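So the structure is just underneath, and the comments pick up after that.
The values are calculated or read from the model by the stated rules, or taken from the named source; none is laboratory data. Predicted, not measured: the structure shown is a model, and the values here were computed from it. Positions of Cβ are generated from backbone atoms using ideal geometry, with glycine treated the same way; all protein chains shown enter the neighbour counts. Heads up: the accessible areas ignore ligands, DNA and RNA and are worked out on the full protein's heavy atoms, side chains in. Shrake-Rupley method; radii C 1.70, N 1.55, O 1.52, S 1.80 Å.
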Amino acid sequence: MNDRFGRTISYLRLSLTERCTLKCAYCRAGEGICPKKGELTREEFLRIVRAFATIGVKKVRLTGGEPMLRRDLLSIIAGIRAIPEIEEITMTTNGQHLPNQSRALREAGLNRLNISVDSLKPERYAAITGGGSLSRVLTGIEEAYAAGFDSLKINVVLLRGQNDDETGDFIALTKDRNLSVRFIEYMPLGETDQADLRVTGAELLQKHPELVPVAPSYIGQPARDYRIPGSIGRVGMIDPVSHRFCADCNRMRVMSDGMLRPCLGSNEEFSLKEALAQEGDEALLAVIAEAIARKPETHCFDEGFSTEKNMSQIGG
Ligand code: SAM
């Protein structure tokens with residue numbers, strides 16, 4: 001299905017839970033990690049994916065909060081895998097629960113994995129994440145690499161003065177391995193924008209002139225890709241604030257409370273709960289069509305706008 005700006009919606013992001021193991025300072029500082037009532041069930045998520053599949057969605061990302069906190073995660077993945085129209089299932093995780101799980105995730109049908117790591121220094125990692133263990137993430141990354149996912153990406157949110165001195169160490173990870181390191185610009189989500197934390201893609205390129213541009217891995221990818229000559233892996237830049245890529249946005253987001261959000265950078269949401277309570281998918285498809293029709297042309301992050309919800313609520 002196309003929106004009113006001619007963009008074809010083919011990618012659905014499911015925030016399986018708002019709960020998270022970590023409390024990253026820029027994402028959900030100060031929030032508790034208590035279980036939240038009213039999360040969509042596995043069956044509700046699968047019904048939503050099936051409905052989106054009928055209107056052209058081919059790719060699903062599982063995120064959160066921390067998706068690996070869902071006890072029914074493998075069964076959700078297997079359920080999505082059984083929907084013929086869905087060609088690709090991906091997941092974004094903080095890696096804290098990844099050790100010993102990669103094979104099971106792969107076997108359930110997960111194709112691609114993104115792992116968030118904001119520092120390669122154990123104490124700094126713990127400080128940024130509010131107590132996370134770097135060694136668990138690194139073990140998870142090793143195992144995920146061995147499990148042979150179709151792609152493995154490391155996400156790094158660059159924070160000025162906190163981890164921007166580590167870009168060279170992250171880039172070095174791509175030298176001998178077929179993995180991507182993607183530097184993400186800090187976005188104004190949730191509380192007031194801490195714009196002084198933001199390191200732009202342009203700044204990064206200035207610091208690393210050795211990066212040479214390479215063709216994107218797939219059409220519509222948010223990252224601009226680079227490579228160090230002779231390296232196997234890629235370095236990506238995702239800089240939505242300083243470099244909008246809304247014209248290619250093909251995504252819709254469903255949050256764990258049953259709200260459907262057409263744009264990360266707009267507060268407008270549509271409830272799927274009432275439609276889910278009805279038999280048949282007519283009402284569900286009607287809400288989906290309305291939300292797609294209302295998808296904004298672009299976000300307004302660069303005009304001082306910040307969202308009411310943070311990334312762990314919306315689903316990163
Ligand atoms: N818990 C999982 C994880 O940590 O990867 C999935 C959810 S997390 C919200 C998804 C991604 O969003 C992470 O890479 C996180 O660093 C990023 N993120 C959160 N808040 C952000 C912000 N304000 N700007 C840019 N990225 C953000």
Using the alpha-carbon centroid of each, what span in Å lies between region 70-89 and region 197-237? 31
27 Å Cα cut-off, lysine pairs counted over region 11-314 (separation 8 or more, or different chains): 28
How large is the accessible surface of His243 in square angstrom, using a 1.4 angstrom probe and rounding to the nearest 10? 80
How large is the helix-only mean residue ellipticity at 222 nm for the chain, computed as the sum of -39500 (n - 2.57) over DSSP H runs with n ≥ 4, divided by its residue count, in deg cm²/dmol to the nearest 500? -7500 deg cm²/dmol
Where labels lie 7 Å past Cα in the beta-carbon direction, separation of Ala286 and Arg4 in nm: 2.0
Amide H partners (placed H, <5 Å) of Leu159, local residues excluded: Asp164
Can you sort Ser217, Ser133, Ser312 by solvent-accessible area, 1.4 Å probe, largest first? Ser217, Ser133, Ser312
Taking Cα atoms only, helix 282-293 is inclined relative to the longest principal axis of the chain by an angle, in degrees rounded to 10, of 40
At q = 0.07, 0.11 Å⁻¹, what log₁₀ I(q)/I(0) does a Debye calculation on the Cα points of the chain give, no solvent, two decimals? -0.25, -0.66
Quick one: grab the alpha carbon gyration tensor of region 236-293, order the square roots of its eigenvalues as a ≥ b ≥ c, and give me rounded if a/c is under 1.5, else prolate or oblate depending on whether a/b is larger than b/c. prolate
Compute the signed sum of charges (Lys and Arg +1, Asp and Glu -1) over the other residues within less than 12 Å, Cβ to Cβ, of Ala172. -2
Taking H as built 1.01 Å from N, whose amide H comes closer than 5 Å to the amide H of Arg13, not counting residues under 5 places away? Arg61, Met252, Arg253, Val254
Cβ-defined net charge surrounding Asp281, 15 Å radius [Lys, Arg +1; Asp, Glu -1]: -4
Quick one: length gained pulling Ile219 to Lys37 fully straight, 0.36 nm per residue minus the C-alpha distance? 61.7 nm
Percent carbon-and-sulfur accessible area, region 180-316, ignoring ligands, DNA and RNA, probe 1.4 Å: 54
Percent antiparallel among DSSP beta bridges with both residues in region 1-149, to the nearest 5? 5
Filtered GluC sites (Glu not before Pro), region 21-122: DSSP coil and at most 15 other beta carbons within 10 Å: Glu85, Glu87
Helix 134-147: inclination vs the chain longest Cα principal axis, degrees, rounded to 10, gives 70
Kindly report the accessible area of region 11-314 per residue (heavy atoms of protein chains, probe 1.4 Å, no ligands, DNA or RNA), in Å². 42
With Rh as the Kirkwood radius over Cα pairs, region 164-316 has Rg/Rh of 1.05
Can you tell me the length gained on complete extension of the stretch Arg160 to Leu205, counting 0.36 nm per residue apart and subtracting the Cα distance? 14.7 nm
Let a ≥ b ≥ c be the square roots of the eigenvalues of the Cα gyration tensor of region 92-201; is it rounded (a/c under 1.5), or, if not, prolate (a/b larger than b/c) or oblate? prolate
